[in-house]
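Report on one structure; see the data block that follows.
The values are calculated or read from the model by the stated rules, or taken from the named source; none is laboratory data. Since the structure is predicted, the reported quantities are computational estimates derived from the model, not experimental observations. Here Cβ is always computed from backbone atoms with ideal geometry, including for glycine, and neighbour counts include all displayed protein chains. Heavy atoms of the whole protein, side chains included, go into the accessibility calculation; ligands, DNA and RNA do not. Shrake-Rupley method; radii C 1.70, N 1.55, O 1.52, S 1.80 Å.
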Amino acid sequence: MAMPYKHEPFTDFTVAENRQAFSEALKKVEEEFGKDYDLIVNGKRIQTQEKIISINPANKAQVIGRTSKANREIAEQAVKAAANAFDSWRKWDVEARADILFRAAAIVRRRKHEFSAYLVKEAGKPWSEADADTAEAIDFMEYYGRQMLELKDGKPVKSREMEINRYFYTPLGVTVVIPPWNFAFAIMCGTTVAPLVTGNTVLLKPASATPIIAAKFVEVLEEAGVPQGVINYIPGDGAEIGDYLVDHPQVSLISFTGSREVGTHLYERAAKVQNGQIHLKRVIAEMGGKDTIVVDKESDLDLAAKAIIISAFGFSGQKCSAGSRVVAHQDVYDTVLEKTVKLTKEIKVGDPANPENFMGPVIDQKAYDKIMSYIELGKEEGRLVTGGTGDDAKGYFITPTVFADVDPRSRIMQEEIFGPVVAFTKAKDFDNALEIANNTEYGLTGAVISNNREHIQKAVHDFHVGNLYINRHCTGAIVGYHPFGGFKMSGTDSKAGGPDYLILHMQAKTVSEMF
Ligand SMILES: NC(=O)c1ccc[n+]([C@@H]2O[C@H](COP(=O)([O-])OP(=O)(O)OC[C@H]3O[C@@H](n4cnc5c(N)ncnc54)[C@H](O)[C@@H]3O)[C@@H](O)[C@H]2O)c1
Ligand SMILES: N[C@@H](CCC=O)C(=O)O
């Protein structure tokens, strides 16, 4: 029997041995750089001429690896393989499927620093962010394995004399998994193992910036015992094979995490019933955020400044949960701004392989250019207080940036920037602060820093976000503790890492038998 679930502890990098072990892992993974990775369809390796080249965003000259690139023909083979494998996989004992997740978690735990080192190099994550990403991947496997054991017999329903009734869950079928690059291990892993453990078969199309970590994970799944055709690894162009897979009549479930733009596009496409399609597709779409930290008049302002720094600049603001807007009560606005700016100026930016650096690069040239253009816009829409500079000569580095006195309706207060930029605005009272906090189309995370219980109560009911945090930062949800997902245009509120998540990957069946 599985031990009760507990989240994976984070590595304490103040301990010399841990620092040493992590440095060695960084060196070890470097020795593998530049390798070619094949597609995996029905357990077979496939090589293509065309490649996706994954580079280190802190050092553009460094190639992490190259993957073959799936085209539509290969995508079609993968759908067929997954559809064939479904018939046997769906009938596997639930315990056997859960054991595969537990075994995969054990393999990753043994190679924890190696996976985190890949995240440092391929995704540009600082050590502690990479370590948390790997821990979250382990958590997803441990948690979903246990959740499935709880769900295996379904839920109780009433029976009557001479009539026995049962109610249980069955899988949906072929699942297309489309994860983002920013939680290159955790989200890719969680969105892959949830359909697997529920008995679905998977086509994994990783994000093009981070395909190598996904290739490594698929190898782990194979080692853990996932049969041929049940997991298929098919990196490729989003528009080319992504649309093809989403449209495919044999696909039953699409699990997408990424931008609002792509998510809404896929949601719409999946709704269209194609020739030969005999079911409605289900879509899980977790999308962007424009997350607000409200600072109340009665609050600990040092705590507020620290919460803002972690939320806005952790992983260079490249989290859907990033706190990119601060709404502060007019009486404390100047003080919290000043404290935040002081802490921001202490942040070290540079190669995340060096643990001294709190902030690494942003992911690629496109992201760099987009963020820098928002910084230019911010100079028109507000007052630049600190930061605002970038350097893309070697890697994609941007300084942590704070704008003050910004109109809550301005673009930098409304649009997801996905970089190290935070904008401050003033509220006249707490009600006004909540009104501003709710005035975007997103509804993912939010934080309230307040010592006023009445205000906290009000926020619990009126702050319209999927994940609300009181007196702490608005990032860093932990599997099994803070089920994660957003309201409004942030998505379908699937609550990854929560007790309702697996059910989204299944359909309930009622069997009623007369005796
Ligand atoms: N809500 C959440 O849980 C959550 C978590 C992480 C990231 N995000 C969001 O993700 C975004 C950043 O990630 P990103 O840049 O990878 O997002 P993105 O939307 O650009 O890409 C996400 C995935 O979709 C694929 N894709 C692109 N076009 C496609 C198409 N036409 N068909 C099928 N697939 C296609 C990409 O290759 C990638 O794998 C941000 O908006 C962030 O807020 C949300
Ligand atoms: N679950 C992560 C965010 C995922 C999106 O980027 C957090 O809670 O910070």
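Could you state, as a whole-number percent, how many of the C-alpha pairs of the stretch 451-515 are farther apart than 15 Å?
Working: 1358 of 2080 pairs.
Considering the stretch 451-515, 65 percent of its Cα-Cα pairs are separated by more than 15 Å.
For Glu219 and Tyr5, calculate 0.36 nm times their separation in residues minus their Cα-Cα distance, and state this gained length in nm to one decimal. Write out the running numbers ahead of the final one.
Working: separation 214, 0.36 × 214 = 77.04 nm, distance 2.48 nm.
Gain in length upon complete extension: 74.6 nm.
If only Cα atoms are counted, what is the Rg of the stretch 291-478, and what is its Dmax, in Å?
Gyration radius and largest Cα-Cα distance of the stretch 291-478: 15.4, 51 Å.
For Asn84 and Asp243 in one chain, what is 0.36 nm times their gap in residues minus the Cα-Cα distance, to one decimal in nm?
Details: separation 159, 0.36 × 159 = 57.24 nm, distance 2.16 nm.
Separation in residues times 0.36 nm, less the Cα-Cα distance, equals 55.1 nm.
Can you tell me the accessible area per residue over the stretch 147-296, all protein chains present, probe 1.4 angstrom, in square angstrom? Kindly include the intermediate steps, with their values, before the conclusion.
Working: 5200 Å² over 150 residues.
Result: 35 Å² per residue.
If you rank Lys158, Lys495, Lys370 by how much accessible surface each has, with a 1.4 Å probe, what is the order from largest down? If you can, show how the numbers build up before the last one.
Values: Lys158 175, Lys495 40, Lys370 85 Å².
The residues order as Lys158, Lys370, Lys495, largest area first.
Enter the angle in degrees (range 0 to 90, nearest 10) between the Cα long axis of helix 94-110 and the first principal axis of the Cα atoms of the chain, meaning the one along which they spread out most.
It works out to around 40 degrees.
Could you work out how far helix 301-313 tilts from the main Cα principal axis of the chain, as a 0 to 90 degree angle to the nearest 10?
The angle comes out at about 50 degrees.
Spin-label point model (7 Å from Cα, Cβ direction): what's the Ala61 to His464 distance in nm?
5.2
Among Pro9, Met188, His329, whose Cα sits farthest toward the positive end of the charge dipole of the chain (+1 at Cβ of Lys/Arg, -1 at Cβ of Asp/Glu, about the Cα centre)?
It is Met188, whose Cα lies furthest towards the positive end.
Compute the FRET efficiency between Glu32 and Phe168 as 1/(1 + (r/R0)^6), taking r as their Cβ-Cβ distance and R0 = 30 Å, and round to the nearest 0.05.
Working: r = 44 Å, r/R0 = 1.47.
The calculated FRET efficiency here is 0.10.
What angle, in degrees between 0 and 90 and rounded to the nearest 10, separates the Cα long axis of helix 127-151 from the longest principal axis of the Cα atoms of the chain?
Tilt relative to the chain: about 40 degrees.
Round to a whole number: what % of the accessible area of the stretch 416-515 belongs to carbon and sulfur, probe 1.4 Å? Let's see the in-between values first.
Numbers: 2150 of 4180 Å².
C and S fraction of accessible area: 51 percent.
May I ask for the percentage of alpha-carbon pairs in the chain that lie more than 31 Å from each other?
Values: 60329 of 132355 pairs.
Counting pairs separated by more than 31 Å, the tail of P(r) holds 46 percent.
Considering only protein heavy atoms and a 1.4 Å probe, what is the carbon-and-sulfur percentage of the accessible area of the stretch 96-213?
Working: 1760 of 3320 Å².
About 53 percent, which is the carbon plus sulfur part of the accessible surface.
What does a probe at Asn452 reach in the stretch 322-362, counting residues whose amide N is under 12 Å from the point 7 Å along Cα→Cβ?
The answer is 329-332.
Under the classification rounded if a/c is under 1.5, otherwise prolate if a/b is larger than b/c and oblate if not, where does the stretch 43-196 fall, given a ≥ b ≥ c as square roots of the Cα gyration tensor eigenvalues? Working shown, then result.
Working: a/c = 3.12, a/b = 1.65, b/c = 1.89.
Oblate, since a/c reaches 1.5 and b/c is not below a/b.
Positive end of the charge dipole of the chain (Lys, Arg +1 and Asp, Glu -1 on Cβ, about the Cα centre): tell me which of Ala132, Trp89, Gly466 has its Cα farthest that way.
The residue sitting farthest along the positive end of the dipole is Trp89.
Given a 1.4 angstrom probe, what's the average accessible area per residue across the stretch 363-515, in square angstrom? Can you show the working numbers first?
Values: 6680 Å² over 153 residues.
Heavy-atom accessible area per residue stands at 44 Å².
Leaving out ligands and nucleic acids, and using a 1.4 Å probe, what accessible area per residue does the stretch 1-126 come to in Å²? Intermediate values should be presented prior to the final figure.
Values: 6450 Å² over 126 residues.
So the stretch 1-126 comes to 51 Å² accessible per residue, rounded to a whole number.
Quick check for me: using +1 on Lys/Arg Cβ and -1 on Asp/Glu Cβ, what's the dipole size of the chain about its Cα centre, in debye to the nearest 20? Walk me through the intermediate numbers first.
Working: 60 positive and 69 negative charges, 167 e Å.
My answer is approximately 800 debye.
Can you figure out the FRET efficiency of Leu280 with Ala96, using R₀ = 25 Å and their beta-carbon distance, to the nearest 0.05?
Values: r = 30 Å, r/R0 = 1.18.
Once the sixth-power term is evaluated, E becomes 0.25.
Of all the accessible heavy-atom surface of the stretch 284-411, with the other protein chains kept in place and a 1.4 Å probe, what percent is carbon and sulfur?
Details: 2410 of 4940 Å².
Reported share for carbon and sulfur atoms: 49 percent.
Provide the per-residue ³J(HN,Hα) series for the stretch 376-385, in order, calculated from phi with Karplus coefficients 6.51, -1.76, 1.60 and θ = phi - 60°, each as a whole number of Hz, with x at glycine and proline positions.
4, 4, x, 5, 7, 8, x, 10, 6, 9
Separation between the Arg472 and Met514 pseudo-spin-labels, each 7 Å from Cα along Cα→Cβ, expressed in nm?
Once both label points are built, they end up 5.5 nm from each other.
Under the definition of Cα pairs under 8 Å and six or more residues apart, what whole-number percent is the relative contact order of the stretch 291-478? Don't skip to the end; give the middle numbers.
Numbers: 410 pairs, mean separation 57.5, N = 188.
With pairs under 8 Å counted, the relative contact order is 31 percent.
For the chain, what is the calculated [θ] at 222 nm in deg cm²/dmol (nearest 500), taking -39500 (n - 2.57) for each run of four or more DSSP H residues and dividing by its residue count?
Details: 15 runs with 192 residues, N = 515.
Counting only the DSSP helices, I get -12000 deg cm²/dmol.
Would you mind calculating the gained length between Asp331 and Glu268 on full extension (0.36 nm times residue separation, minus the Cα-Cα distance), in nm to one decimal?
Details: separation 63, 0.36 × 63 = 22.68 nm, distance 4.55 nm.
Gain in length upon complete extension: 18.1 nm.
Taking θ as phi - 60°, what are the ³J(HN,Hα) couplings along the stretch 431-444 by the Karplus curve (6.51, -1.76, 1.60), each to the nearest whole Hz, with x for Gly and Pro?
With the stated coefficients, the stretch 431-444 comes to 4, 4, 5, 5, 4, 5, 4, 8, 8, 10, 7, 8, x, 8 Hz.
Sticking with the crude label model, points 7 Å out along Cα→Cβ, report the distance from Phe13 to Ile46 in nm, one decimal please.
Distance between label points: 3.9 nm.
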